[in-house]
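Heads up: the structure comes next, in structure tokens.
The values are calculated or read from the model by the stated rules, or taken from the named source; none is laboratory data. Please read all numbers here as calculations on a predicted model, not as lab measurements. Here the Cβ is made from the backbone with ideal geometry for all residues, glycine too, and neighbour counts use every protein chain on show. Just so you know, the surface numbers come from the protein's heavy atoms only, side chains and all, with ligands and any DNA or RNA stripped out. Shrake-Rupley method; radii C 1.70, N 1.55, O 1.52, S 1.80 Å.
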Amino acid sequence: MDELGARQALSSFDDWVAARGPALLRLAYVLTGNAADAEDVVQDALSRALPRWDRIAHADDVDAYVRRMVVNAHTSWWRKFRRRESPAAEVRPDGADGVVAGPGEGLGSDERARLWAACQALPVDQRTAVVLRYYEQLDYDEIAALTGVREGTVRSRVSRGIAVLRESMGETGERDE
Amino acid sequence: MSDFDERLSAVLTAEAEHAPPVAGLAREARRRHVVRRRRRVAAGTVTAALVVAAPVALLAVGGGDDADVANDPPAGAWRTVTHGDARADIPGDWTDHTCDFDGFTAEVYGPDEKAACQFESYLAFYGSATFDARRPPGIFGKQGYVYAGDFAVSAATETVGLTRRLLASARSESDPPIDGSEWQTVGAVGLRYDVPAFWGLGPDADLSNYAVCAVTGDRDAPPTEREDEPATYGSTSFVADRWIQVVAPTQALADLVTSTVRVEPRSDDVGCVSGSASDGDEGTSGPTDDWQRFAVEGVRFDVPDPWRELDCPGSGIYFGPDPNRCGRNDYLTFYARAWFDPAMGPAEIVSGHEGGDTLWAGYVFAGDWAVYVRTYDPQLTQDILATVR
């Protein structure tokens, strides 16, 4: 690639990050639960995307491609630190510290804080599946393709994660999906 | 969506607004990339120095910036190569090759550069974030991929057995090594599936945590994922009309076993098979005392007990499990070598379809004959062919 081409590729990368970076950071924040880790995960994913940006930019769905890199960077980051998380049998009240009420949604700040904390307490695989399903609004087959596991495994993780979240909120009973 | 689902979506959306600002994101990504590239160049310099100083030392770079040095193996033995937190075992005479794909380079292991770089016989680690999977993990014919640690491990060779052994060895650094050199076909709870002897952990290992289960249920209502112990990995899939759950000592093995599961026709059995598949209760393929030996036209071979010579007037020599089938479904037959014009090489196992089922076929030459075998199980086909003398 000539110098002009190289500049164009870099410019394209910057433009894309400027346009789509906020969405990636929001996804990473919901996955990791804090701003510092969210930045770390997104920066790591983008730094790995940069040298092959020419190829990625020609992908059918660039957003999906980079989103997968972010999700995998998140799970890699989690594995790197060997955090052993257990399904949240109960949610510790102090896990809700610092959570403030946001846009309406009809939820009280306490309920929202408890649900957010319960979500963060899920094992990483369940949390990732739940976030992609209920935040990114992806279908099960899309989540399966993105995370590299079978659709059945995704359904199981989502189902189990939701069951734990319901239990932590004191709710039981059949899902009415 | 239920009310709970909607509340959860609302909470996640609201919390996402606390994400950090995007300012400087591209610049920081670029800085990280430069740092990583410098580290890689430094690693390459070390590699060159090692090659000059100690030609017998093998450096398992595997691509990327997390490469580690592997042990120098004895000739003929297998050795472990590492890449970041991923591990895999490869034949001792395989080496790593830097393959150039239109300016994009990758490190690939193989018996020689041509086989490796043309992906004829190879093993490679890919960053799972950038691995484009077009089908679920597992083995398909003589190629496949699995996940291990932060990486996807992809492999293909000339034989199903070697590919399966390579992929079965893929693991993260905290997982136990898996011996995938011996596999068995288990028939139980309405399923047939392939699994390494003793789940690849040896006869003395505690195998009680590992299982393959068939569970009835609606496709939209998956069973709870089985990962009973921290050291187990699960895979859940929907096959035919039931859920299949596999719990294995590594993610690679869970996915490999899952990819082999077939549901027995007309069976509605459910349940679990736990522990070792080699204690005789579940039924195994592979030559055992239950196999019968035959000699035809000076060629000896062994087939499983239900198989018999079939009465197929005018159709040649056929052996199979069903006396009513001649030249259909699963069978062994003889072709005159001089007239045999196969589409694959000797001992190569290829798949084909018949009536919606997948059959696995192969042949070997013996004297003036080509002994041709096809079954519903690649391992069984391979096992029968291996007995031909």
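Could you tell me the calculated FRET efficiency between B:Glu297 and B:Asp100, based on Cβ-Cβ distance and R0 = 45 angstrom, to the nearest 0.05?
Once rounded, the FRET efficiency stands at 0.30.
If you plug the beta carbon distance of B:Val34 and B:Ser174 into 1/(1 + (r/R0)^6) with R0 = 30 Å, you get a FRET efficiency near 0.45.
Our estimate of slack between B:Thr159 and B:Asp112, defined as 0.36 nm per intervening residue step minus the Cα-Cα distance, is 15.3 nm. Each chain gives up part of its surface: B and A jointly bury about 5600 Å² of accessible area, both sides summed, for a 1.4 Å probe.
Rounded to whole numbers, the Karplus 3J(HN,Hα) couplings from phi for segment A:31-43 are 6, 8, x, 8, 5, 5, 5, 5, 4, 4, 5, 5, 4 Hz, using 6.51 cos²θ - 1.76 cosθ + 1.60 with θ = phi - 60°, and x at Gly and Pro. Taking all protein chains together and rolling a 1.4 Å probe, B:Cys312 ends up with roughly 10 Å² accessible. For A:Ser109 and A:Ala64, a Förster radius of 30 Å and the Cβ-Cβ distance give a FRET efficiency of 0.35, rounded to the nearest 0.05. What segment B:292-386 shows is 51 Å² of accessible area per residue, with the surface traced by a 1.4 Å probe over protein heavy atoms. A:Leu146 exposes around 10 Å² of accessible area when a 1.4 Å probe is run over every protein chain in place.
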